[in-house]
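What follows draws every value from the coordinates through simple rules; no lab data is involved. What you are looking at is a predicted structure, and each value in this text was computed from that prediction instead of being measured. Because the Cβ atoms are built from the backbone with ideal geometry, glycine has one as well, and the counts that use them run over all protein chains shown.
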Amino acid sequence: MKPVDELVLEDGAYQHRTMFWNEDIYEAELEHIFSRAWLFLTHESLIPEAGDYNTTRMGEDKVIVIRQQDGSIRAFINSCRHRGNTVCHADAGNTRQFTCSYHGWSYGSNGELIGVPLEQDAYFNQIDKSKFGLQEIAQVASYKGMVFGTFDASAPDLETYLGDMRWYMDSFLDVPGGIELIGPPMKSILNCNWKTPAENFGGDDYHFGWTHAAGVAVMGGPLEMLAGNTGVPNEVGFQVGSSYGHIFGFIEGGAAALQPFPEWREMYDNWLNSRLPGQEEKFGPLQARFYKGHWNANIFPNCSFLYGTNTFKVWQPRGPRAIEVYTWTLVEKEMPAELKQMMHRSNAATFGTAGMLESDDGENFEECTQTNRGFNTRQGYCHAGMGQQNEGPHPDMPGVISDNLMAETGLRNFYRTWARMVNGDDWTQIGAPATAPLKKLRAV
Amino acid sequence: MGATAQKITKKPNPAKPSLELINDVQQFLYREARLQDAQAYRDWLTMLTDDIHYWMPTREQRYRSNPMEPDITHAAHYNDNYADLETRIRRTETGTCWSEDPATRSAHVVTNIEVELTDSPNEYRVYSLIAVYRNMNEDEEHTLYGHREDILRNVNGELKLARRKIIIDQNIFLSKSLNVYL
């Protein structure tokens, strides 16, 4: 494997293409990123009752996330401590215990080994069951309903890890009643490297008008001018790069812009307007503006969402050249049933498996990975230098902020953090502010 | 918003459908498949009622002791009415739909067709199995199987599709974006 300082150059602006193909680099990602970072597991609304569980993955590790009798949430590696078989084969459900299908070892919802067949006749009661509980995920925590976990007991707590991003996300996570996710998640397979959709969702506003020209044109609305890049809406928003590698692009006032029908946009806008005064009272106008805007975001490393369009995704890596995509719909718990239904229908129509915008992206993502099959092709670098001289800190808002929405501030922030983590840097270095000095700042 | 698809457990009308009706239904489904293969989507739209509900729910792998029936308030690959379907089709007509150019090649195969009468004299419940072979780009191949439960309605002497529920035999959708209709 090449040294990390030859993989990511110029403060994140160049990425060596072997990063999207090479097995050794992928193993390093599993060890240094997916075994250390906080990874999205589930939302509390999906496992409300004691015994409710989801299975998911952290990197390539299979994991069970289960609500305890005391209401807390714990997570365990989904693999029997005897011979390693998968313990739970379902995506979701409710149970008091998991019984391995191989020899029948059974585990309580707290992960303890509670049953071993033939314990007396075969083990002569010599097995110490307390030593063979399911391996527990070192840290599991919920931030306003969003449940994350990390294998790294020394990782900073979740609030610290969410960094600058938390200040922005509070504007919509911290609404009366909170948010919830509508499942079960759509799941699909894409033959691309996991970083490509993560950088795209979080930091690629540039592709939107061109990749999605057709979809944006037929849906109409305030972003229609973007279709085919006929309008250049530099003033509509900006990008933010947060500590710990989180990123998002923000469109001012545009939360409802990508709803596919005018009456849906109106219904959603009315809802946002009815809630905005409360958010302004709670957070002040500067922070509350993020409640009514559209976000394209990525929580480092692999959890992406579009707030406003309300698609919520995790890109689960399956080797360096494939991913499994999980897709939920994000809604506010107190939204009327009709609005929730509209939200999940519009998510299906835009960014679901059969989504009009999703299918545009899928083709590009796969080819961005698969072209690297060519030995000579993958010797080069990809470029993400857009707007590098036009970003910097802001006097009133945290993180690195770009002058324009059309910028690659997010991509650079993502790859700077990627390089720090793959390099094995300690947590203080990983979480350090990630910015070059301010050159020019637009008043935002 | 959106109509509820009929439950599969609904008792059929015990009267037998006529051979003529069965033949008409089969011809309807074959024509639909041919139009899909030809990507003659505007012609396909004329085969749908204005109140069509076209639904393909997400599946989840669960234990038998924890069953969960698909519900229209849950996630779905398709959960479309006429306007949704028309919007999708309009997108492919813009000339800027890069992901459909070059075009996807597909073969829709319809089989296991069963026709039942319902309590409504103008509506028939039709079960069928659809297999879609999809070939994309240079060498990508995907095969999708869907169990369909339709309501066909006789509108002024012409059959139209009023409801379709598609249960796909995949828990994880095993390929990228779903760009065909089943």
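Work out the FRET efficiency for B:TYR145 and A:ASP152 from their Cβ-Cβ distance, taking R0 = 51 Å, and round it to the nearest 0.05. According to the calculation, E is roughly 0.75. Taking amide H atoms as placed 1.01 Å from N in the peptide plane, the amide H of B:ARG163 lies under 5 Å from those of B:HIS53, B:ILE151, each 5 or more residues away in sequence or on another chain.
Taking every C-alpha pair closer than 8 Å and separated by at least 6 residues, the mean separation divided by the residue count of chain A gives a relative contact order of 21 percent. Result for chain A in a Gaussian network model with C-alpha springs under 10 Å: among A:THR377, A:THR353, A:THR42, the largest mean-square fluctuation is at A:THR377. Relative protection proxy for A:309-321, A:60-72, from highest mean packing down: A:309-321, A:60-72 (other beta-carbon atoms within 10 angstrom).
Rounded to the nearest 20 debye, the dipole size of the range B:24-158 about its Cα centre is 200 debye, using +1 on the Cβ of Lys and Arg and -1 on the Cβ of Asp and Glu. Each Lys and Arg contributes +1 and each Asp and Glu -1, all at the Cβ; summed about the Cα centre of the range A:39-141, the dipole is approximately 180 debye.
Think of the protein assembly as shown as a dipole: +1 on every Lys or Arg Cβ, -1 on every Asp or Glu Cβ, centred on the Cα centre; then among A:LEU173, B:TYR41, B:PRO17, B:PRO17 lies furthest on the positive end. Against chain A, whose longest principal axis comes from its Cα atoms, helix A:158-173 is set at around 60 degrees. Charge dipole of the protein assembly as shown (Cα centre as origin; +1 on each Lys and Arg Cβ, -1 on each Asp and Glu Cβ, all else neutral): 840 debye, rounded to the nearest 20.
Based on DSSP H segments of at least four residues, each scored -39500 (n - 2.57), chain B has a per-residue ellipticity at 222 nm of -6000 deg cm²/dmol. Taking Cβ separations below 4.7 Å as the criterion for a possible disulfide partner, the isolated cysteines in chain A are A:CYS88, A:CYS192, A:CYS303, A:CYS368, A:CYS382.
A:THR371 sits among other residues whose Cβ lies under 9 Å from its own Cβ, and their net charge, with Lys and Arg +1 and Asp and Glu -1, is +2.
Farthest toward the positive end of the dipole of the protein assembly as shown, out of A:PRO48, A:TRP38, A:TYR206, is the Cα of A:PRO48, where the dipole comes from beta carbon charges about the Cα centre. Beyond a 29 Å Cα-Cα separation, which of these cross-linked pairs lie in this structure: A:LYS313/B:LYS160; A:LYS2/A:LYS195; A:LYS187/B:LYS16; A:LYS2/A:LYS313; A:LYS2/B:LYS176? Result: A:LYS313/B:LYS160; A:LYS187/B:LYS16; A:LYS2/A:LYS313; A:LYS2/B:LYS176 exceed 29 Å. Distances between placed amide hydrogens fall under 5 Å for A:ILE114 paired with A:SER106, A:TYR107, A:GLY108, all partners being 5 or more residues away or on another chain. Note on A:366-372: average number of Cβ atoms from other chains within 10 Å of each residue's Cβ is 1.
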